[in-house]
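Colleague: Supplied in structure tokens, the structure appears directly below.
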Amino acid sequence: MYNLKEIIENTSNIKLLYIEDNEQARIPTLAVLSEFFTNIVVAIDGRDGLQKYNENEIELIITDINMPNLDGLDMIEVIRKKNKDIPILLLSAYSDIEYFRRSIHLGVDGYLLKPIDMTQFLELMYKIIDKIKIKQKFKENLNFLEQYKSVANENTLISKTDVDGIITFANDMFCSVSQYSREELIGANQNIIRHPDNPVSMFEELWDTIKKKKKPWKGVIRNRAKDGSSYYVDAIIQPILDLNGNILEYIAMRHDITEVMNSTRQFLDYIAAAKRPLVVQIKVESFDKLQRYYGFNFSLLVESKVSILLEKNMPNNLNFESFFMLDNGNYAFVKECIDCNDIQETIVELQAFQKLINTLKIKVDAIDYDVSILVCVSYENNVYENVKYGMKEIVRNKQNFLVTNDIAQKVHKIAEKNLSILTKVKEAIDTSNIISFFQVIVDRNGEIYKYESLVRLVEKDGSVMAPFFFLDVAKQGKYYTQISSIVLQNSFKALQKVEADISINLSAIDMENETIREEIYTLLQNSGERAKRVTFELLEDEEMKDFEVIKAFIVKVKSYGVKIAIDDFGAGYSNYERLLDFQPDIIKIDGSLVKNIESSKFSVSIVKSIILFAREQGLCVIAEYVENETIFNILKDLGVEYFQGYYFGKPELLE
């Protein structure tokens, strides 16, 4: 699955060269690309693109094909002579087979048809990010190797074998890392250092490359030292040929990268090399709390002891090939699942294994710690993503065991939907289609007491989208602050047009944002006496990070005569203790209590207690979601002072 926020964070630092000669196509495409890239170099044809490529440190190219002066494919051919690795995407309105053939020959990384399909684009961006990260890592490794080139023999594991794989030479470094003496190595088969956890498919590819194709093979190999411990090497194995092309021997140069190969990387490498991996991810339940309450060192001891417990008790007949101790209390068992006909039996055994582990204790220092694990299994398509997001679903839904092969696909669809909404948000901001509706709040006689300002998004077809469908997505991008600013401007303009008070919603994000706070202070100062008709409705949520900043903000806006209301009181995060910290003037009863008040004695009791508390504290009470006359009368009888809901009017534009 594709995390939109994560992709934007990764692409924002990539320098993009975008080539398009058609201005009508270029402008809307740039609007989409600017969501992902903050540094875009634009060229108007192939010749211009080639020049700007030479003038800039370009990391990614997106280009049209048919262009004057020099077309896209000819430009790519020139660039490829200089740089064979730079990621290149073709963006064209044409799908001619000849273009595809030539683009494949030129090593193009992807092909997009105009207009851009967001799903396809998101998939390509995900792959491009991986390619750029790998390229960067390769550059770092290459730099490392260059620095130590002069002392290769002291820092490089070098060996030679004959055509049958028998070792004929081993340097001192090879002997030191493998823990075998030179006498033990010479004459032994190369398999003496092979680790059994390496996928068979990797060695099939290795021998196919060096023996049949007679080409060098590069890759990361897990080896086993004499004492049974593992070490990782970044290896280059080269066949040595005679003048007739016959293989004389093989030479291997390796660098010990054990220390830089963390467990997660090893885990991912294994999955990438396996043909059809079955992955069982295991997580120590509530590990984050354990780490927070008992400290980092204690959690490390728990991780280590649980690791031993898992390896010891995993049934041997399940034949897992590898076990990985990942980070933050996570582990993984992996094996090839060429024939998964017995998968149900495997799942039953894994459930029994989990049940057993959850009955065991480990001793950490003087403490007996009860082990509890969560288990997620995947064996088809995107297994890593499936167990990664599956484990999050287990935690979120308070489950303990999940088999999933499609959750990644579901998350991809959500990402696609979110990207579509984010595009609509940007378009609405650019075209002034983020607007404010206002809903009346009335007194006991039905007279207008104030208006609540409510944000809306107007789509291209004129339909109006409620904030429920776009505001959370906007919070993940860079547009939420812009939306908040627009709502504030709209609301203070309305303050000049009506005599009643205006109520404006503020989230924790708004109050903690210095830019928004300063804008509010300026608007209040410029409003003079009208500022006393402003009410800020505080939306308390889990995003609250700095309560001291929020308290200072409340004190300052109150100095202008602003009233403070607590929204959705009686549910969620609000409580009586926090209520007093906010110094409110108004309490708005949560809509879930109001909607059920006709049939729920519990709701009646809660509302009564809120009203009693409000009277004792000298606070006003507003009830939302008043849908009909019956609810209105019940609330009046209970002592509610002000009312809001469809019974009195829907949110709409001010006249």
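Colleague: I need the full set of residues from the range 281-317 which are touching a residue at least 40 places away in the same chain (Cβ under 8 Å) and of a type in the set (Ser, Thr, Tyr), in order please.
Modeller: SER286
Colleague: Taking GLU393, is it among the acidic types (Asp, Glu) and under 24 Å from the mean Cα position of the chain (by Cα)?
Modeller: Against the criterion (among the acidic types (Asp, Glu) and under 24 Å from the mean Cα position of the chain (by Cα)), GLU393 qualifies.
Colleague: Is one or more of the residues making up the range 343-355 farther than 21 Å from ASN400 by Cβ and hydrophobic (A, V, I, L, M, F, W, C)?
Modeller: no
Colleague: Mind checking which helices (runs of 4 or more DSSP H) fall wholly inside the range 472-566 and carry at least 3 residues that are closer than 30 Å to ASP430 by Cα?
Modeller: Counting at least 3 such residues, we get 480-497, 508-512, 514-527.
Colleague: Would you be able to tell me the number of residues in the range 98-139 that are of a type in the set (D, E, K, R), outside any helix (DSSP H, G or I) and in contact (Cβ under 8 Å) with a residue 24 or more places away in the chain?
Modeller: 1
Colleague: Checking ILE271 against (1) touching a Pro at 6+ places or on another chain (Cβ under 9 Å); (2) among the aliphatic types (A, V, I, L, M); (3) farther than 30 Å from LEU350 by Cβ; (4) surrounded by 16 or more Cβ atoms within 10 Å (Cβ to Cβ), which single condition isn't satisfied?
Modeller: The number of the failed condition is (3).
Colleague: How do the pairs read when you match residues in the range 519-533 that are in the same structural domain as LYS556 (by TED's automatic domain parsing) with residues anywhere that are surrounded by 18 or more Cβ atoms within 10 Å (Cβ to Cβ) and among the charged types (D, E, K, R), using Cβ under 7 Å and keeping only pairs 6 or more apart or on different chains?
Modeller: Close Cβ pairs (under 7 Å, with a partner that is surrounded by 18 or more Cβ atoms within 10 Å (Cβ to Cβ) and among the charged types (D, E, K, R)) amount to ARG533/ASP501.
Colleague: Here are the criteria: (1) more than 23 Å from ILE132 (Cα to Cα); (2) within 33 Å of the chain's Cα centre (by Cα). Tell me which single one TYR99 does not satisfy.
Modeller: Result: TYR99 passes all but (2).
Colleague: Still on this structure, please answer the following. Select, from ARG456, ARG444, the only residue that is assigned by TED's automatic domain parsing to the domain that holds LYS636, touching a Ser or Thr at 6+ places or on another chain (Cβ under 8 Å), charged (D, E, K, R) and farther than 22 Å from ILE8 by Cα.
Modeller: After ruling out the rest, the residue left standing is ARG456.
Colleague: If you don't mind, there's one more thing I want to ask. Could you grab me the full set of residues in the range 1-32 that are modelled with pLDDT under 85 and touching a Phe, Trp or Tyr at 6+ places or on another chain (Cβ under 8 Å)?
Modeller: If the condition is that a residue be modelled with pLDDT under 85 and touching a Phe, Trp or Tyr at 6+ places or on another chain (Cβ under 8 Å), then MET1, TYR2, ILE7, ILE8, THR11, SER12 are the ones that fit.
Colleague: Filter the helices (runs of 4 or more DSSP H) completely within the range 323-430 down to those with at least 3 residues that are outside the structural domain of LYS312 (by TED's automatic domain parsing) and surrounded by 16 or more Cβ atoms within 10 Å (Cβ to Cβ).
Modeller: Those helices (runs of 4 or more DSSP H) span 407-430.
Colleague: A further question follows. Does ILE435 qualify as being part of a strand (DSSP E or B), of a type in the set (Val, Ile, Thr), surrounded by 15 or more Cβ atoms within 10 Å (Cβ to Cβ) and touching a strand residue (DSSP E or B) at 6+ places or on another chain (Cβ under 8 Å)?
Modeller: Considered against the rule, which asks whether it is part of a strand (DSSP E or B), of a type in the set (Val, Ile, Thr), surrounded by 15 or more Cβ atoms within 10 Å (Cβ to Cβ) and touching a strand residue (DSSP E or B) at 6+ places or on another chain (Cβ under 8 Å), ILE435 comes out as yes.
Colleague: Among the residues of the range 181-205, count how many are out of contact with any helix residue (DSSP H, G or I) (no Cβ under 7 Å at 6 or more places or on another chain), part of a loop (DSSP other than H, G, I, E, B) and modelled with pLDDT of 85 or more.
Modeller: 3
Colleague: Taking the criterion of being touching a Ser or Thr at 6+ places or on another chain (Cβ under 6 Å) and in the same structural domain as LYS131 (by TED's automatic domain parsing), would at least one residue in the range 77-88 satisfy it?
Modeller: No: the range 77-88 contains no residue that is touching a Ser or Thr at 6+ places or on another chain (Cβ under 6 Å) and in the same structural domain as LYS131 (by TED's automatic domain parsing).
Colleague: Kindly provide the set of residues from the range 201-236 that are touching a Lys or Arg at 6+ places or on another chain (Cβ under 8 Å), free of Cβ contacts under 8 Å to residues at least 60 places away in the same chain and crowded, with 17+ Cβ neighbours inside 10 Å, ordered by number.
Modeller: Of everything in the range 201-236, those that are touching a Lys or Arg at 6+ places or on another chain (Cβ under 8 Å), free of Cβ contacts under 8 Å to residues at least 60 places away in the same chain and crowded, with 17+ Cβ neighbours inside 10 Å turn out to be THR209, ILE221, ASN223, ARG224, TYR231, TYR232, ALA235.
The values are calculated or read from the model by the stated rules, or taken from the named source; none is laboratory data. In this text the structure is predicted, and so the values were computed from the model without any measurement. Positions of Cβ are generated from backbone atoms using ideal geometry, with glycine treated the same way; all protein chains shown enter the neighbour counts.
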